[in-house]
Amino acid sequence: MIGALSARPTPYHAMSAGTKLVMLCVFCTTLGVMRMVATGWLGLGVVLIAATVPGLWFVRLILRDLRGSALIAVVIVGFQWLSGRLDLGLAVAGTLLACVAAAMMLSRTTSPADLLDVLDRWLGRIGLPARPRRRLSLAIALTLRFIPALSARAALLSEAHRARSPRRVGWRLVGPLALGTLDEADTAAEALRARAFLE
């Protein structure tokens with residue numbers, strides 16, 4: 001999980017994990033409730049503008065992390081376009097990319113240990129027992145960690161395809177990316193089981 005955290009410090013590293021997590025929840029919930037075509041894309045713009053605070057290198061990092069999600073967004077837009085609901089496809093794709101970009105900013109600037117500690121503390125306040133609390137907080141942290149892992153895998157698959165073929169990657173990447181993601185999830189589950197996190 002440590003691989004997602006940027007080694008290069010940013011102003012966002014100094015913010016508490018709890019504050020950033022609340023901001024992420026409010027941001028994503030707001031986009032989900034509004035459900036307008038422009039809302040998600042405006043939200044993505046806001047995130048990218050916020051990413052310019054540390055510098056353009058951080059914007060490039062977030063954009064690189066969005067590669068895998070961008071492919072999924074293209075599939076969503078294409079499917080909805082064929083279904084005659086292009087507006088819905090654009091709304092969902094914009095919201096997806098905005099939320100993933102915001103989650104990446106959290107993941108890139110927050111220590112996994114701090115994130116787990118905050119989640120465990122919050123879940124403890126609502127009276128959840130220690131064991132399920134630990135599992136739930138770990139599941140949320142792993143979900144955030146899988147975003148950069150998915151993007152990195154998409155980049156590797158894209159480079160491998162370009163080395164073998166002059167054709168554009170496009171939809172051809174979706175199948176291998178999905179299978180690779182499932183394989184990585186299975187590997188993570190086995191590692192956690194070996195460390196007694198799972199029964």
- Note on the structure: The condition from (1) of a type outside the set (A, V, I, L, M); (2) touching a Ser or Thr at 6+ places or on another chain (Cβ under 8 Å); (3) under 23 Å from MET23 (Cα atoms); (4) surrounded by 18 or more Cβ atoms within 10 Å (Cβ to Cβ) that ARG133 misses is numbered (2)
- In segment 17-28, what count of residues is obtained for those that are closer than 19 Å to ALA73 by Cα and surrounded by fewer than 12 Cβ atoms within 10 Å (Cβ to Cβ)? 0
- How many residues are crowded, with 17+ Cβ neighbours inside 10 Å and either outside any helix (DSSP H, G or I) or among the polar types (S, T, N, Q) (or both) when one looks only at segment 75-130? 5
- Query: Quick one: in segment 71-110, which of the residues that are charged (D, E, K, R) and over 21 Å from ARG8 (Cα atoms) is farthest from the chain's Cα centre (by Cα)?
  - Reply: ARG85
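Please indicate, with yes or no, whether at least one residue in segment 128-136 is under 25 Å from GLU159 (Cα atoms) and not polar (S, T, N, Q).
Quick first cut of segment 128-136, residues under 25 Å from GLU159 (Cα atoms) only: none.
Within segment 128-136, none of the residues are under 25 Å from GLU159 (Cα atoms) and not polar (S, T, N, Q).
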- Message: Could you check segment 51-70 and list, in sequence order, the residues that are in a helix (DSSP H, G or I), touching a residue at least 24 places away in the same chain (Cβ under 8 Å), crowded, with 16+ Cβ neighbours inside 10 Å and more than 13 Å from the chain's Cα centre (by Cα)?
- Response: ALA51, PHE58
- Could you check GLY180 against (1) surrounded by 16 or more Cβ atoms within 10 Å (Cβ to Cβ); (2) under 14 Å from ILE72 (Cα atoms); (3) modelled with pLDDT of 70 or more and say which number it fails? (2)
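Can you give me the number of residues within segment 33-42 that are part of a helix (DSSP H, G or I) and either at pLDDT below 95 or farther than 16 Å from CYS99 by Cβ (or both)?
In the first step, residues of segment 33-42 are kept if they are part of a helix (DSSP H, G or I); the result is 33-34, 37-42.
Now drop any that are not either at pLDDT below 95 or farther than 16 Å from CYS99 by Cβ (or both), which leaves 33-34, 37-40.
Of the residues in that region, 6 qualify.
The values are calculated or read from the model by the stated rules, or taken from the named source; none is laboratory data. Keep in mind it's a predicted model, so treat the numbers as computed, not measured. Using ideal geometry, Cβ is built from the backbone for each residue, glycine included, and neighbour counts are taken over all protein chains shown.
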